[in-house]
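Heads up: the structure comes next, in structure tokens.
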Amino acid sequence: MKFLFSIYSFLIGIVFITKPLNAKLPSYNRSRKLSVLTLSTTQLASIKRSTTKEKPNFEDKNVSFGSSKKKVKTTKKNSSYIEPISQTQFKLIPAGIFQMGGENDSEKPIHKVHISHDFYMSKYEITHKEYIQFMNAKKVTPYGVFAGVKWVDMNDKDCAVGFANGSFYFKGSGYAKTENTPMIEVTWYGAKAYADWLSEQTGKKFRLPTEAEWEYAARAGKKHVFAGSNNVTKVAWCGDMTINEIQAVGLKKPNAFGLYDMTGNVWEWCSDWYHKNYYKTSPSIDPSGPRTGSRRVIRGGSWDLLPFFCLNGIRNSDKPSLSQDNHGFRLVVSD
């Protein structure tokens, strides 16, 4: 089914490539209608080059970081933090300025954003191994529910977490074969609960990234269309129809901040409520999304989508109570 769906999305993308943007990108719920976004001729040509040439000649003219006098720091200046409970690795993301947005309706206007604070972001997407440790510590019900809120959809056939003899374990699924794959079938509430638990255990403030923090970290001071490269195959599990499952984290190349899989593998939950016109009124310093909403932002694209759904600026969203087999998350932490 995954393979057929990928082919279907490709054909639909070709047929409707000139139609207006629908703010919702395709989530991997087979009951939902596939929505397709529009890209400019320049973008399409650039993406085609990025998937066929080793060194594509592409530069995003809409993106600039900092000023000519002060550049955003690169990984040479970065330091790391290791969370003591799960041994999750975090990379330091220094404060800076960047141009946020893209060419599609919900990504407009492209606008300057100032991230005024340093923060750490998890080097990899949170894995099944890490999340299962949390589920056992919190004594989540065998149904993946805690205090009446669903954190993990244990009943979905694609869920890779099992429960037996009073504890959760990694059982694997058709799309997640090892415990080092990103945690999937986790709701926004489940992702936030994991961050809250780590905060309680360590005294540090763990949380989901804002949408602006996520895009700033993905771009990492560069003018790449994907996180770490213009060539999607170097940095992402995305758009390869020969790959029919989620991959273990960290197998591709990182971006300049030392972050892996910011493009592809799984969509990543962010803290913000979603609104398609938010960029028209968002503040220029540390935007954190609308005050209310019905859907939460997800970013980065996933392994079962074509590359143009995985660009750095692409926005998507889902209801916080829903889980998917291509939704996961990573965390940020500050003192």
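Stokes-Einstein diffusion for the range 181-313, with the hydrodynamic radius set to the Kirkwood value over Cα pairs and evaluated at 25 °C in a medium of 0.890 mPa s, equals 157 µm²/s. Among 226-235, 249-258, sorting by the average number of other beta carbon atoms lying within 10 angstrom of each residue, highest first, gives 226-235, 249-258. Only the Cβ atoms of Lys and Arg (+1) and of Asp and Glu (-1) were treated as charged; on that basis the dipole of the range 209-335 about its Cα centre amounts to roughly 400 debye.
Per-residue Cβ neighbour counts within 10 Å put Val149, Val186, Val266, Val140 in the sequence Val149, Val140, Val186, Val266, beginning with the fewest.
Quick note: the coordinates plus some simple rules give every number you see, no bench work behind them. Because the structure is a prediction, the values reported are computed rather than measured. So basically every Cβ, Gly included, is an ideal-geometry build from the backbone, and we count neighbours across all protein chains shown.
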